[in-house]
1. Only residues that are touching a residue at least 12 places away in the same chain (Cβ under 8 Å) and in contact with an Asp or Glu (Cβ under 7 Å, 6 or more places away or on another chain): list them for the stretch 441-474, please.
2. In the stretch 376-412, how many residues are in a loop (DSSP other than H, G, I, E, B) and over 18 Å from the mean Cα position of the chain (by Cα)?
3. Looking at this structure, is Ala311 closer than 30 Å to Tyr42 by Cα, touching a residue at least 60 places away in the same chain (Cβ under 8 Å), outside the structural domain of Val68 (by TED's automatic domain parsing) and not acidic (Asp, Glu)?
4. Determine whether Arg342 is modelled with pLDDT of 90 or more, more than 18 Å from Ile405 (Cβ to Cβ) and either touching a Leu at 6+ places or on another chain (Cβ under 6 Å) or of a type in the set (Lys, Arg) (or both).
5. Across the stretch 279-307, what is the number of residues that are touching a Leu at 6+ places or on another chain (Cβ under 9 Å), of a type outside the set (Lys, Arg) and farther than 17 Å from Asn62 by Cβ?
6. Filter the stretch 278-305 down to the residues that are hydroxyl-bearing (Ser, Thr, Tyr) and surrounded by fewer than 21 Cβ atoms within 10 Å (Cβ to Cβ), then identify the one that is farthest from Asp110 (Cα to Cα).
7. Any chance the stretch 545-553 includes a residue that's surrounded by 14 or more Cβ atoms within 10 Å (Cβ to Cβ), outside any loop (DSSP other than H, G, I, E, B), out of contact with any Phe, Trp or Tyr (no Cβ under 9 Å at 6 or more places or on another chain) and not hydrophobic (A, V, I, L, M, F, W, C)?
8. Taking the condition within 19 Å of Tyr503 (Cβ to Cβ), of a type in the set (A, V, I, L, M, F, W, C) and surrounded by fewer than 20 Cβ atoms within 10 Å (Cβ to Cβ), does Leu430 pass?
Amino acid sequence: MARARVGCLLLALLVSCDARIHKLTLKNETRVSVDLNNFGFYANGTLDVNLLSLRLPDQLVNYSVFPVGFTLSRSRVNGVLSYTAEETETCPLTLTKFTSSEPLILFLIDINTLSVSVRAMGDQDNLLISKPKAEAPKGLRKTRQLPAKQAVVPEAPPNAGNDAAPNAGNDAAPNADSDAAPKPAPNADNDAAPKPAPNSDNDAAQPDNKLNPNEKDPALVVQNPDDQAGKKASEVEGTEFQLEKIKQVTLALDKVNGSYNFSFKMVVGLLAEGLYSLKFHYCPNRKPGINLPYSLAVEVTEKNPDGYLSAAEIPLSRLYIGMAGVFFTAAMVWVYTLMKHRYSVFKIHWLMAALAFTKSTSLVFHSINYHFINTEGHPIEGWAVMYYITHLLKGALLFITLALIGTGWAFVKYILSDKEKKIFMIVIPLQVLANVAFIIIESTEEGSSEYYLWKEILFLVDLICCGAILFPVVWSIRHLQEASSTDGKAAMNLEKLKLFRHYYVMIVCYIYFTRIIAILLKVTMPFQWQWCYEFLVEVSTLVFFVLTGYKFRPASNNPYLQLPQDEEDVEMDEVVTESGALEGISKVKKTCNGRERQKESTL
């Protein structure tokens with residue numbers, strides 16, 4: 001029943017997630033900066049940003065002093081994402097000078113002039129495609145803008161209409177007002193004319209302004225080598241701006257029912273590859289005592305030439321399926337070892353085998369999940385749910401197995417003490433909470449406030465679990481230290497003590513490497529090599545599993561598996577007391593015919 005509820009929770013979370021096609025909606029938000037997304041782009045990668053709705057507070061705010069808008073910054077490594085990762089008192093949108101050579105693009109929203117001012121700083125090699133801000137001539141209707149240097153406009157035909165025609169002009173034609181014929185047709189100015197001129201741009205006759213596919217009118221063809229030949233003007237969504245040459249552009253901002261919206265597309269150049277960070281800034285809330293709420297709805301789509309995955313995530317699908325095969329092979333070798341040494345196999349050995357198989361299965365589903373994200377832009381819900389379930393089981397089995405080995409259960413003793421039971425009562429629920437936090441993080445947009453809350457919960461719970469599993473090992477070490485000096489089996493206990501100390505060091509090294517060292521390596525690696533973090537984590541997990549299996553393998557000569565003898569084997573001098581009746585009694589050992597005998601004599 002509990003497992004079914006977990007599955008339903010996972011499915012509900014995944015339905016609202018669009019993975020690399022991000023849709024973020026914030027209501028009554030007061031944060032100064034919202035981190036929309038971080039993505040590693042290769043050359044010819046594309047970033048599509050569509051601001052669906054932006055509602056600003058009704059209070060009068062001087063947006064020229066405290067602007068509102070977006071920043072798009074780049075970094076070669078994850079550890080120094082950009083200045084936007086730092087909390088500074090100065091609003092990034094007010095920067096006029098940028099000392100770094102890394103590309104930085106500012107999008108400043110001006111609600112008074114309904115425009116978006118774009119400022120490009122640093123070394124740019126990106127192509128910006130968007131609808132520019134342009135004033136239409138009087139008496140002409142606005143249409144989609146074409147690049148002025150790329151559009152070829154021939155002379156208008158005699159019956160194309162005159163200046164008074166409301167739909168006769170095109171914003172892309174600079175001399176549209178002077179192209180009218182001296183003798184227009186009688187019905188050229190009438191929208192209800194039954195036979196309008198072919199190029200009169202009449203909305204009643206041609207509502208979509210589209211040509212016949214077989215026609216090739218040079219007036220409506222964009223001469224751009226990056227586009228396909230014959231692309232029509234009505235299909236062009238905006239003007240292309242090479243940011244390397246044009247450092248400042250003004251885009252159009254639309255207002256519908258009190259909300260503002262605009263969109264742009266960026267194509268990454270060969271020299272502009274890197275890890276990009278897109279953020280939204282509401283600078284008025286930086287002023288002390290100001291906490292104005294705003295609402296935001298934005299859709300962001302990132303794509304590399306090979307798929308929807310970031311540059312650091314592209315190799316992960318192959319990495320996970322390869323490591324799944326390695327873990328499966330190790331599990332089969334472990335099962336063969338257990339079958340070979342049946343006489344010294346305990347239940348915990350089979351639990352270790354189940355952990356290895358669960359780890360392999362989890363990696364298989366993880367690989368499939370990344371494959372569909374790369375090809376479709378979002379995970380397939382069924383495969384994603386299977387991955388999260390196996391990931392949850394793997395995490396629970398890992399900490400349960402480590403804690404049982406640390407307490408010596410099934411090897412040294414079959415009953416857990418009360419304080420050891422409390423460890424399991426703490427670790428298992430925390431592991432469930434950590435996995436739920438991981439699932440919520442994977443299914444939540446990075447810009448939402450819940451994302452950072454659950455990320456902090458996951459980090460804290462993971463550290464608590466890692467610290468908790470060390471206590472049973474410490475208790476076992478202390479117990480063996482005390483036993484080695486009292487029970488007469490010092491040699492055996494010292495061997496077990498040494499083994500437990502090695503195991504403690506192994507756990508500490510595994511925790512430090514996967515939680516600290518690997519993360520430090522991740523933030524210092526170039527953006528396209530950050531998948532090595534996952535590789536190091538999986539390899540260290542494999543090494544930890546192999547060393548644990550080797551040290552606690554089922555073998556007769558393993559000191560860890562040598563159980564204590566019966567209580568009757570205790571030496572006589574440990575139970576004989578110094579009473580008056582037994583005073584003077586001592587124990588004498590004699591050897592006769594190769595056999596050891598014990599005799600008691602009185603003085």
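The values are calculated or read from the model by the stated rules, or taken from the named source; none is laboratory data. If you're wondering where the values come from, they're calculated on a predicted model, not measured in any experiment. Positions of Cβ are generated from backbone atoms using ideal geometry, with glycine treated the same way; all protein chains shown enter the neighbour counts.
1. Matches in the stretch 441-474: Thr444, Glu446, Gly447, Pro472.
2. 4
3. Values: closer than 30 Å to Tyr42 by Cα: yes; touching a residue at least 60 places away in the same chain (Cβ under 8 Å): yes; outside the structural domain of Val68 (by TED's automatic domain parsing): yes; not acidic (Asp, Glu): yes.
Answer is yes for this residue.
4. no
5. So the count comes out to 9.
6. Thr301
7. The answer is no; no qualifying residue exists.
8. No.
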